[in-house]
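*Asks:* Sending over a structure as structure tokens; questions will come in a sec.
The values are calculated or read from the model by the stated rules, or taken from the named source; none is laboratory data. These numbers come from a predicted model, not from an experiment. Here the Cβ positions follow ideal geometry from the backbone for every residue, glycine too, while neighbour counts run over all protein chains shown.
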Amino acid sequence: MDVEILSRIQFAFTVAFHYIYPPLSIGLGFLIVLAEWRWLRTSEAVWRRLTRFLIRLFALTFGLGVATGIVMEFEFGTNWAVYSRYVGDVFGSALAAEGIFAFALESGFLGVLLFGWGRVKPKWHFVSAVGVWLGSMFSAVWIVVANSWQQTPAGYHVVGEGMDARAEIVDFWAMVFNPSSVERLAHVWLGSFLAGGFLLLSIAAWYLLRKQHVDVARKAMAIGLPVVLVASWAQLFSGHVAAEVVAEHQPAKLAALEGHYAAEAPADMYLFGWVDEESKEVTGLGIPGGLSFLLDQDPSAPVTGLDAFADEDRPRQVNAVFQFYHIMVAIGMLLIGLSTYGFYLFRRGKLEQSKWMLRALTAAVLLPQIANQAGWFAAEMGRQPWVVYGLLRTSDALSESVRAEQVWFSLILFTGIYVVLFALFIYLMRKKILHGPEEERGEGTRASHLESAWS
Amino acid sequence: MMGLELHTIWFLVIGLTVTLYAVLDGFDLGAGLLHPFFRKEQSRRIALNAVGPVWDGNEVWLVITGGALFAGFPEAYATAFSAFYVPFFLLLAALIGRAISIEFRSKEPMQWWRTFWDYSYFLSSLVISVLLGMALGNLMLGLPVDAQGVYRGAGLVEMLGAFPLSVGLAVAALYAVHGSLYLLLKTEDRLFDRVKQLNRVALFFFYGAMALSTVVLFAWNPEVIERLWHRPGFVGLAVVAFVASMAIPVLVRRRRYGRAFFVSAGMIASLLGLVFAQQFPFLIPSTIDPDGGMTLAEAASSERTLRLLLLITVIGVPLVGLYFLFVYRVFRGKVKLDDMSY
């Protein structure tokens, strides 16, 4: 294998592994804020127990998110030196803003969130929880802005030629609010609320099935279900808007998402299917003219297909892009069903009698994770062969000085490290869940917390 | 702006973030280096929890430095990071290893589990300190970078020279000194006495490593001495660093631990000041380019971006300062273990 494919595999692997954790942190961070706010308002010890339980889970996901995130910052330079030179001027500032504003906010308050019980007043602890959550939200802003700029570049001009060409910023806000950043940011945030929300629901449903920690599990349902209900429906809308942006700015990607080849013809929309890249045909169940209708409210409106693009200007792995995209959409629909019916049962007081629903919710923790990953794979593979859409090809973006054996070394090293990390993550998660939201020692009232805060 | 060019100002900003990183993460890396020399479980827990709430925030300065380099000097970022390919992946592995050692050690009570993480905490702290020192040493000597800014060397094997290795050792010893001074502020009783002993040992190693790297410079790399000699401020910085290194044991003997810690921070700052002064106006001196290497101006982003970055810095850094003051204030004083501790 050559340096290009090895570097792509390495980047995909390390960023996909990283992306397990930050969405969980964003989602859990929001739930911590909700639970702690309820505790401050009601003084009911059960909310405090839920808050502390959530913080213990959060500590784990956050730690892994930070540890695996630094790798990305290094990899731009180690493996993609030409890319770094090309984009440095444009979104170096976005990354710097992330470092300063988001990351410091998050990490600065994290210490208080984790270790500050009894050292600060409850009000300040709550402020720290909000700070950590906002920090995680902000870091998504800058990173999604940078990625969206790669999809739909704006606010720049290109200086120099050939290998010396690089993009320079001319309008910061046009770069930040490039055509896809707002839509994609909303999509990423909602996906994160679903990831965190369904993790909590899964744990709560499992406790209810085993009739353990029932009081905490009920409160978890009471905050978790509304969050995923709103997020899953909003995600339907946000996904639609995001697809319209792709249609307008990245037509080759849109064509790949639905496996649409004919240069100018009405396009179908598939529920599932298989793309034969040789014969350029899709076999599957679809709505004829569905994509045309979605974009133009007219089932016979022509949509630009892959054949309209030169061979070297369109994505390679069309079937993979198609599958990832459809997995994401299918899971999105499933999550709408689960959250809506779950919320309905909960409001009717029937959730705890419905064994199959509790089992479904327990298993559902994997769904948002799969959808998040699949969505990113569709977005990034659909962007190929460009690393910056229409400007810089992935094959031109590599480090000139890096050799294949070096990438083999780092790839093997990090595969090993991440296998161990993942095993430890699962093991410790399981342990925390088995231990449950019970306090380690005989405390847990607001009075004792206040007492220790003042002493 | 006082005749300073924007890229020079940004160079100073990076100098500041590197210094903050070294001063802050330096003490928790140092605590990691001393960790296996505490014998009892209780001692190790206290030492670990002394850095527990702050190590992660300290490491942010490394992330900020990386971002600042990428944003302000993308050419240098691309060249240096691809040149240091293998050492930087080892560094990343050690950063991750260290993070999970700290996080996972306390999660199980078994002796073998805790001993394992104790040693991986120590080893990763050592690897990080030595690799960062070696990278610094190599940057001081210059890299085989051509006029286009492309690295033409053989990678790791070329970077194991005597000077970089001695700088790696010096950085590890320096962090051990710095970490021991921090722990003196955070510990009590017998553990405190033990830290005091270790402080003396670490100082001894530090003086040795500094002497070694100076000898190596005179013997094999006199051009670095030559460059340094002509820098304004060289004598001042060198005297400050020397006096500070001598003042530390005196202050410890007089039980002025807080002051000793700040003197140690000042020593780190002045040593880094020497490195940066030596480097200027090059970011990456070249051993093969007749022009001498990649200068600040050649590596820099456009003026517009640099101005933006300075704006972000001017707004952001005071905010970060506030978070840090808040956190360090909350966790001031001796370590008290509780049920959320590591």
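*Asks:* Out of the residues in segment B:83-97 that are at the interface with another protein chain (Cβ under 7 Å from one of its Cβ atoms) and either of a type in the set (Phe, Trp, Tyr) or out of contact with any strand residue (DSSP E or B) (no Cβ under 6 Å at 6 or more places or on another chain) (or both), which is nearest to residue B:147 (Cα to Cα)?
*Replies:* That would be B:85.
For (1) at the interface with chain B (Cβ under 9 Å from one of its Cβ atoms); (2) surrounded by fewer than 21 Cβ atoms within 10 Å (Cβ to Cβ); (3) out of contact with any Ser or Thr (no Cβ under 8 Å at 6 or more places or on another chain), each residue gets a yes or a no:
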{"site": "A:394", "(1), (2), (3)": "no, yes, yes"}
{"site": "A:399", "(1), (2), (3)": "yes, no, no"}
{"site": "A:402", "(1), (2), (3)": "yes, no, no"}
{"site": "A:405", "(1), (2), (3)": "no, yes, yes"}
{"site": "A:413", "(1), (2), (3)": "yes, yes, yes"}
{"site": "A:420", "(1), (2), (3)": "yes, yes, yes"}
{"site": "A:426", "(1), (2), (3)": "no, yes, yes"}
{"site": "A:431", "(1), (2), (3)": "yes, yes, yes"}
{"site": "A:436", "(1), (2), (3)": "no, yes, yes"}
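*Asks:* Any residue at all in segment B:98-110 that is within 11 Å of chain A (Cβ to nearest Cβ), out of contact with any Ser or Thr (no Cβ under 7 Å at 6 or more places or on another chain), within 21 Å of residue B:165 (Cβ to Cβ) and not in a helix (DSSP H, G or I)?
*Replies:* No.
*Asks:* Among the residues in segment A:438-447, are any within 26 Å of residue A:28 (Cβ to Cβ), modelled with pLDDT under 95 and not charged (D, E, K, R)?
*Replies:* Checked segment A:438-447: at least one residue is within 26 Å of residue A:28 (Cβ to Cβ), modelled with pLDDT under 95 and not charged (D, E, K, R).
*Asks:* What do you reckon, is residue A:172 farther than 25 Å from residue A:384 by Cβ, surrounded by 21 or more Cβ atoms within 10 Å (Cβ to Cβ) and within 14 Å of chain B (Cβ to nearest Cβ)? If you could, list the steps in order and put the result at the bottom.
*Replies:* On the way: farther than 25 Å from residue A:384 by Cβ: yes; surrounded by 21 or more Cβ atoms within 10 Å (Cβ to Cβ): no; within 14 Å of chain B (Cβ to nearest Cβ): yes.
When the stated conditions are applied, residue A:172 does not pass them.
*Asks:* Regarding residue A:41, is this residue more than 7 Å from chain B (Cβ to nearest Cβ), surrounded by fewer than 23 Cβ atoms within 10 Å (Cβ to Cβ), within 17 Å of residue A:204 (Cβ to Cβ) and out of contact with any Gly (no Cβ under 6 Å at 6 or more places or on another chain)? Can you show your working first?
*Replies:* Details: more than 7 Å from chain B (Cβ to nearest Cβ): yes; surrounded by fewer than 23 Cβ atoms within 10 Å (Cβ to Cβ): yes; within 17 Å of residue A:204 (Cβ to Cβ): no; out of contact with any Gly (no Cβ under 6 Å at 6 or more places or on another chain): yes.
The answer is no for residue A:41.
*Asks:* On to the next question. Step by step: first the residues of segment B:150-167, then only those that are part of a helix (DSSP H, G or I) and without any contact (Cβ under 8 Å) to a residue 40 or more places away in the chain, then the one that is farthest from residue A:399 (Cα to Cα). Which residue is that? Before you say what the answer is, go through the steps one by one.
*Replies:* To start, the set of residues in segment B:150-167 that are part of a helix (DSSP H, G or I) comprises B:156-159, B:162-167.
Applying the additional criterion that residues be without any contact (Cβ under 8 Å) to a residue 40 or more places away in the chain yields B:157-158, B:164-165.
Numbers: B:157: 19, B:158: 19, B:164: 24, B:165: 26 Å.
Only one residue fits best here, namely B:165.
*Asks:* Checking residue B:25 against (1) within 9 Å of chain A (Cβ to nearest Cβ); (2) free of Cβ contacts under 8 Å to residues at least 40 places away in the same chain; (3) not aliphatic (A, V, I, L, M), which single condition isn't satisfied?
*Replies:* Tallying (1) within 9 Å of chain A (Cβ to nearest Cβ); (2) free of Cβ contacts under 8 Å to residues at least 40 places away in the same chain; (3) not aliphatic (A, V, I, L, M), residue B:25 fails exactly one: (1).
*Asks:* For the list (1) facing chain B (nearest Cβ under 7 Å); (2) within 20 Å of residue A:31 (Cβ to Cβ); (3) basic (Lys, Arg), I need the number of the one condition that residue A:85 fails.
*Replies:* Just one mismatch for residue A:85, condition (2).
*Asks:* Please tell me if residue B:306 is in a helix (DSSP H, G or I) and farther than 27 Å from residue B:31 by Cβ.
*Replies:* So residue B:306 fits the description; yes.
*Asks:* Do we have residue B:62 as more than 14 Å from every other protein chain (Cβ to nearest Cβ) and out of contact with any strand residue (DSSP E or B) (no Cβ under 9 Å at 6 or more places or on another chain) here?
*Replies:* no
*Asks:* Hey, another quick one. Here's a check for you: in segment B:287-313, which residue that is more than 30 Å from residue B:224 (Cβ to Cβ) and without any contact (Cβ under 8 Å) to a residue 12 or more places away in the chain is farthest from the other protein chains (Cβ to nearest Cβ)?
*Replies:* Filtering segment B:287-313 for residues that are more than 30 Å from residue B:224 (Cβ to Cβ) and without any contact (Cβ under 8 Å) to a residue 12 or more places away in the chain, the one farthest from the other protein chains (Cβ to nearest Cβ) comes out as B:311.
*Asks:* Within segment A:30-60, count every residue that is touching a Ser or Thr at 6+ places or on another chain (Cβ under 9 Å), closer than 30 Å to residue A:377 by Cα and modelled with pLDDT under 95.
*Replies:* Total meeting the criteria: 1.
*Asks:* Checking the conditions here, which among A:99, A:65, A:69, A:92 is of a type outside the set (Val, Ile, Thr), more than 9 Å from chain B (Cβ to nearest Cβ) and under 27 Å from residue B:90 (Cβ atoms)?
*Replies:* Working: A:99 fails: more than 9 Å from chain B (Cβ to nearest Cβ); A:69 fails: more than 9 Å from chain B (Cβ to nearest Cβ); A:92 fails: more than 9 Å from chain B (Cβ to nearest Cβ).
Result: A:65 is the single residue among A:99, A:65, A:69, A:92 that is of a type outside the set (Val, Ile, Thr), more than 9 Å from chain B (Cβ to nearest Cβ) and under 27 Å from residue B:90 (Cβ atoms).
*Asks:* Next question. Mind telling me which of the residues B:135, B:202, B:170, B:147 ends up being more than 25 Å from residue B:59 (Cα to Cα) and either in contact (Cβ under 8 Å) with a residue 40 or more places away in the chain or within 15 Å of the chain's Cα centre (by Cα) (or both)?
*Replies:* Testing whether each residue is more than 25 Å from residue B:59 (Cα to Cα) and either in contact (Cβ under 8 Å) with a residue 40 or more places away in the chain or within 15 Å of the chain's Cα centre (by Cα) (or both) leaves just B:147.
*Asks:* Can you report the number of residues in segment B:314-340 which are surrounded by 12 or more Cβ atoms within 10 Å (Cβ to Cβ), over 25 Å from the mean Cα position of the chain (by Cα) and facing another protein chain (nearest Cβ under 7 Å)?
*Replies:* Within segment B:314-340, residues that are surrounded by 12 or more Cβ atoms within 10 Å (Cβ to Cβ), over 25 Å from the mean Cα position of the chain (by Cα) and facing another protein chain (nearest Cβ under 7 Å) number 2.
*Asks:* For segment A:104-151, name all the residues that are within 11 Å of chain B (Cβ to nearest Cβ) and within 17 Å of the chain's Cα centre (by Cα).
*Replies:* Once the filter is applied, which keeps residues that are within 11 Å of chain B (Cβ to nearest Cβ) and within 17 Å of the chain's Cα centre (by Cα), segment A:104-151 yields A:135, A:139, A:142, A:146.
*Asks:* Another question, then. Which one is farthest from residue B:147 (Cα to Cα), of the residues in segment B:65-79 that are more than 7 Å from every other protein chain (Cβ to nearest Cβ) and within 17 Å of the chain's Cα centre (by Cα)?
*Replies:* Among residues in segment B:65-79 that are more than 7 Å from every other protein chain (Cβ to nearest Cβ) and within 17 Å of the chain's Cα centre (by Cα), the one farthest from residue B:147 (Cα to Cα) is B:65.
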